[in-house]
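Nothing in this text is a laboratory measurement; each read-out follows from the coordinates by a stated rule. The structure presented is a predicted model; accordingly, all values stated were derived computationally and were not measured. Note: ideal-geometry Cβ built from the backbone for every residue, glycine included; neighbour counts use all protein chains shown.
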Amino acid sequence: MFITEAWAQGAGAGGGSDFLVQLFPLVLIFIVFYFLLIRPQQAKVKAQREMLAGVKRGDRVVTGGGIIGLVTKVIGDNELQVELADGVRVRIIKATITDILTRGESVRGAKDSEEDDKPMLPPPAPAPERKSLLGSLLGGKK
């Protein structure tokens, strides 16, 4: 007696709107993932690609292993020569560069021989004056 009434109630429901209600949370999750994960990652990759395309002679760079060096020669599209210390030059793959610390000046008409590759160093920037919060509140210099 109760079983026939239960079967009768379940049979009359329309399936079109029920499917859309079930699909909505999945679409919402995909939209959130796109704006919080996929899109920022694409922007980060684009910025890294532009940074690597702009590496030139005289730049001070950091490699993936944490080694800081000065770019002395751009060998090709994927390879650089980096000076780690005086007279210590290594060839690295451009993709291993993680950051450019300082930009060097553009060098035109430079020779391609390794002996004449003296990098143009940028002038040192003056150190910014550091003030403490307590000193500025009390009127002192530091």
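Ranked by the mean number of other Cβ atoms within 10 Å per residue, highest first, peptides 71-80, 27-36 order as 71-80, 27-36.
Each of the peptides 84-96, 49-61 was scored by the mean count of other Cβ atoms within 10 Å over its residues; in descending order, highest first, they stand as 49-61, 84-96. Put a plus charge on the Cβ of each Lys and Arg, a minus charge on the Cβ of each Asp and Glu, and nothing anywhere else: the dipole of the stretch 56-102 about its Cα centre is then about 100 debye.
Derived scalar couplings between HN and Hα for the stretch 32-44 equal 5, 4, 5, 7, 9, 10, 6, 5, x, 5, 5, 5, 5 Hz in order, rounded to whole Hz, by the Karplus curve 6.51 cos²θ - 1.76 cosθ + 1.60 (θ = phi - 60°), x for Gly and Pro. Here the 3J(HN,Hα) profile of the stretch 49-57, calculated from phi with Karplus coefficients 6.51, -1.76 and 1.60 at θ = phi - 60°, is 5, 5, 5, 5, 5, x, 6, 9, 4 Hz, Gly and Pro shown as x. Ranking 70, 45, 88 by Cα position along the charge dipole of the stretch 27-110, where only Lys, Arg, Asp and Glu carry charges on their C-beta atoms, puts 45 farthest toward the positive end.
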